[in-house]
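In what follows, a structure is listed as structure tokens, so that the remarks can point back to it.
FYI, it's all coordinate maths here, none of it is from the lab. Treat the numbers as computed from the prediction; the structure is a model and nothing was measured. Cβ placement follows ideal geometry from the backbone for every residue including glycine, while neighbour counts extend to all protein chains displayed.
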Amino acid sequence: MDGDIKIKSEYDNYRDMQSNEFEQDAEEELPHAEVVDVFQEGLAMMVQDPLLCDLPIQVTLEEINSQIALEFGQAMTVNVCKADKDIMPIVVVQNATVLDLKRAIQRYIQLKHQREGGIQHVSWKYVWRTYYLAFAGEKLDRDEKSLREYGIKNRDEVCFVKRLRNK
């Protein structure tokens, strides 16, 4: 019984010590601008790593996580070809659905426009009504179907195809 009391007491001391350290850290709070600067410096150091060196300077946490997942085989790159023959490397998880790919395309375009100062808003409802995605001549028409079910693997190319008007 005495041993139990001693363990509790040591745990309480540890918890109190952690609590005191937290209170001291809270007293040394930095202004928001300084925190952002420290974070940006840390991010700049991280992207110098060979694993992350392909990422843009204004990298997001989502992009870092995607790159790490790609490195460990938990994700794949799908090259999406636009009508102007521009290719977008889109990273999705291995078991991604068509809907996941569409959302990843939207995030990719949104980040690209933010970084370049381009168009602020894209009507994705219009885009998906006007175009569809195709792989090896097959229309990716079921959002809930996985990319694997369509036979899409790492580094495969998916294309935007303009829908024909029905008369």
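Just a few scattered comments:
- Within-11-Å neighbourhood charge of Leu111 [Cβ basis; K, R +1; D, E -1]: 0
- For the stretch 47-159, size of Cβ-based charge dipole, Lys and Arg +1, Asp and Glu -1, in debye: 400
- Sparse-neighbourhood loop sites, chymotrypsin sites (Phe, Trp or Tyr not before Pro) in the stretch 70-135 - DSSP loop, at most 15 other Cβ within 10 angstrom: Phe72
- Environment charge of Asp143, counting only residues whose C-beta is closer than 15 Å and scoring Lys/Arg +1, Asp/Glu -1: +3
- Taking 7 Å steps out from each Cα toward its Cβ at Gln40 and Lys125 produces label points 3.7 nm apart.
- Burial order of peptide ranges 63-71, 143-151 (average beta-carbon count within 10 Å, highest first): 63-71, 143-151
- Taking the charge dipole of the stretch 34-135 about its Cα centre, with +1 at Lys and Arg Cβ atoms and -1 at Asp and Glu Cβ atoms, the residue from Tyr132, Gln48, Val59 reaching farthest to the positive side is Tyr132.
- Rel. contact order, % - alpha carbon contacts under 8 angstrom, at least six apart, the stretch 56-134: 18
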